[in-house]
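A quick write-up on the structure given underneath.
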Amino acid sequence: MSDEGNHQKIRSLYAADAEAAERALWGRRVDPFTRRGFLNRAGLAALGAALGATIPFAENMPGGLMPIAFAGPKAPQEIPGKHPGLRILNDRPINAETPAHLLDDLLTPASKLFVRNNGLPPATVDPKTWTLAIDGESAVKAAQFTLAELRSRFKQHTYRFVLECAGNGRSEFFPPAKGNQWSTGAVGCVEWTGVRLKDVLAAVGVKKDAVYVGYEGADVHLSGDPKKRPISRGVPIAKAMEEECLIAWSMNGAPIPALHGHPLRLVVPGYPGSCSGKWLTRLLVRDRVHDGTKMTGNAYRVPCEPVAPGAQVPKDKMCIIESMPTKSLITWPRSGIEHSLSKPLEIRGHAWSGQGKITGVTLSLDFGATWQSVQLGEPANRFAWQRFTGTVRLPKRGYYEIWARATDENGRAQPMVLPGWNPKGYLNNACHRVAIKAV
Ligand SMILES: Nc1nc2c(c(=O)[nH]1)N[C@H]1C(S)=C(S)[C@@H](COP(=O)(O)O)O[C@H]1N2
Ligand SMILES: [Mo]
């Protein structure tokens with residue numbers, strides 16, 4: 001969109017003294033909880049100048065809302081095998097997210113799938129000698145499988161699943177949460193081929209007292225200490241026994257790429273991406289909640305009951321995240337474009353939920369005052385995302401935001417701005433917003 005210099009000014013104003021910037025733009029400090037505060041005239045003029053456009057629906061903007069046109073800049077580096085447009089958050093370990101307009105494909109190509117590594121991928125991998133060990137208190141007997149044994153002994157299945165990091169959207173929380181500052185791009189929908197976890201567990205035998213299935217991978221802790229694991233998470237036994245949980249060796253019809261877990265990966269759709277263990281070497285059938293790295297403390301936990309932003313939450317009031325919430329992403333148009341008033345504007349994107357099928361998506365171009373519904377496609381299978389397409393007409397010149405809001409079959413919809421604050425910044429399923437300037 002127009003003037004990069006003015007964007008920069010607003011961003012640096014916020015970076016220098018966020019409260020002073022809010023007072024200047026919004027008249028007084030905005031209460032982060034109630035979002036009270038109104039855009040004053042000077043603030044409206046400053047925002048308009050930075051955007052290079054007036055804001056026809058300014059009176060509907062919630063207090064303190066920053067136009068999405070000001071969202072962060074792109075990092076310069078590239079990762080081999082990845083689209084150069086991915087935004088790199090870290091290079092050790094590698095973490096990179098995908099801008100929304102690069103997620104327009106119904107099936108996310110490997111080159112555009114986000115990467116979330118907690119440690120360092122294994123240096124050498126030999127699929128011929130790779131083994132998967134299965135044990136734990138609640139395994140009837142310990143067992144081992146080579147890749148060839150998995151392929152020959154069990155029926156193969158192919159599904160498309162959304163893979164989303166639980167921290168996707170973390171960057172929007174206030175007070176801010178530590179960790180990778182994902183914006184909207186730690187998500188994709190890819191196709192996996194492998195065998196059912198439940199078939200393999202049945203072959204090994206699972207005792208009645210089984211509670212959880214945990215995983216271990218061959219990646220290395222950042223410290224290099226072989227006794228420490230970068231991550232070892234798991235899922236409740238009932239989830240592990242669902243049809244769609246796979247032990248997979250193929251992604252989008254090719255061997256799983258090195259960064260995504262070659263040669264073998266656990267795939268648990270509908271749950272945080274962290275449950276889908278890469279470089280899979282071991283499964284543990286546990287008689288208790290798995291206690292591997294990032295299962296304990298506040299990792300992948302949210303307050304069991306809603307809390308005020310910034311609250312200290314006692315450990316016993318934090319609950320493990322299970323299924324992922326209703327969400328959607330506008331993948332066309334790209335945020336920041338100019339669009340001619342003479343033409344209707346086509347909107348496309350995807351919607352998904354770990355808790356049920358999406359039954360409706362609506363769009364707003366007036367900061368949530370009014371909504372129109374759009375066409376919605378069927379998922380390829382359970383836990384795949386669904387395409388939505390719609391058309392909007394912008395009434396006059398100026399700055400607009402298109403907001404998308406999905407609802408699932410249980411009536412669970414996305415919050416318009418931010419869902420409940422939590423200490424680690426998980427599960428931000430706020431409506432996705434893209435900036436459009438009508439000219
Ligand atoms: N072994 C291993 N598995 C892992 C991770 C990891 O660091 N090591 N990261 C997890 C997290 S937090 C996420 S969100 C997904 C990311 O998958 P991707 O990098 O293939 O997109 O993998 C999960 N599985
Ligand atoms: Mo993650």
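No value in this document is a laboratory result; all are computed from the given coordinates. Bear in mind that the values here come from a model prediction, so they are computed numbers and not experimental data. Heads up, the Cβs are rebuilt from the backbone with ideal geometry, glycines too, and the neighbour counts pull from every protein chain shown.
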State to the nearest 20 debye the size of the charge dipole of the stretch 298-439 about its Cα centre, where the only charges are +1 on K and R beta carbons and -1 on D and E beta carbons. 320 debye
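Please tell me the relative contact order of the chain in percent, rounded to the nearest whole number, where contacts are Cα pairs under 8 Å and at least six residues apart.
Details: 1079 pairs, mean separation 72.4, N = 439.
Worked out over the chain, it gives 16 percent.
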State the extension gain, in nm to one decimal, for the chain segment bounded by Ser111 and Asp209, taking 0.36 nm per residue of separation less the distance between their alpha-carbons. 31.1 nm
Using a 7 Å offset from the Cα along the Cα-to-Cβ direction at both Glu137 and Glu338, what is the distance between the two label points in nm, to one decimal? 6.6 nm
Lysines near Lys327 by alpha-carbon distance under 23 Å, same-chain residues fewer than 8 away left out - which ones? Lys112, Lys178, Lys239, Lys357, Lys424
quick shape note, the stretch 110-320: Cα extents on principal axes in Å, largest first -> 52, 42, 35
Looking at Pro333, Asn298, Asn381, which one has the Cα that reaches farthest to the positive end of the dipole of the stretch 296-413 (charges on Cβ: Lys, Arg +1; Asp, Glu -1)? Pro333
Restricting the count to DSSP beta bridges whose residues both fall in the chain, what percent are antiparallel, rounded to a multiple of 5? 90 percent
Pull up the cross-link candidates among the lysines for Lys396, meaning alpha carbon to alpha carbon under 22 Å and not fewer than 8 places away within one chain. Lys343, Lys437
Rank Gly43, Trp421, Ile247 by how far each Cα sits towards the positive end of the charge dipole of the chain (+1 on Lys, Arg Cβ; -1 on Asp, Glu Cβ) and give me just the farthest. Trp421
Mind checking which of Ala258, Ile402, Gly360 is farthest towards the positive end of the chain's charge dipole, using Cβ charges of +1 (Lys, Arg) and -1 (Asp, Glu) about the Cα centre? Ala258
Could you tell me how far the Cα centroid of the stretch 404-439 sits from the Cα centroid of the stretch 268-345, in Å? 13 Å
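Could you give the size of the charge dipole of the stretch 106-150 about its Cα centre, using +1 on the Cβ of each K and R and -1 on the Cβ of each D and E, expressed in debye and rounded to the nearest 20? Can you show the working numbers first?
Numbers: 4 positive and 4 negative charges, 52 e Å.
Rounded to the nearest 20 debye, it is 260 debye.
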Students often get this wrong, so check it: of Lys155/Lys227; Lys128/Lys208; Lys207/Lys294; Lys155/Lys228; Lys82/Lys315, which have C-alpha atoms separated by over 32 Å? Lys155/Lys227; Lys128/Lys208; Lys155/Lys228; Lys82/Lys315
With charges set only on the Cβ (+1 for Lys and Arg, -1 for Asp and Glu), what does the dipole of the chain come to about its Cα centre, in debye to the nearest 20? 160 debye
Unpartnered cysteines of the chain (Cβ-Cβ under 4.7 Å counts as a partner)? Cys165, Cys189, Cys245, Cys275, Cys431
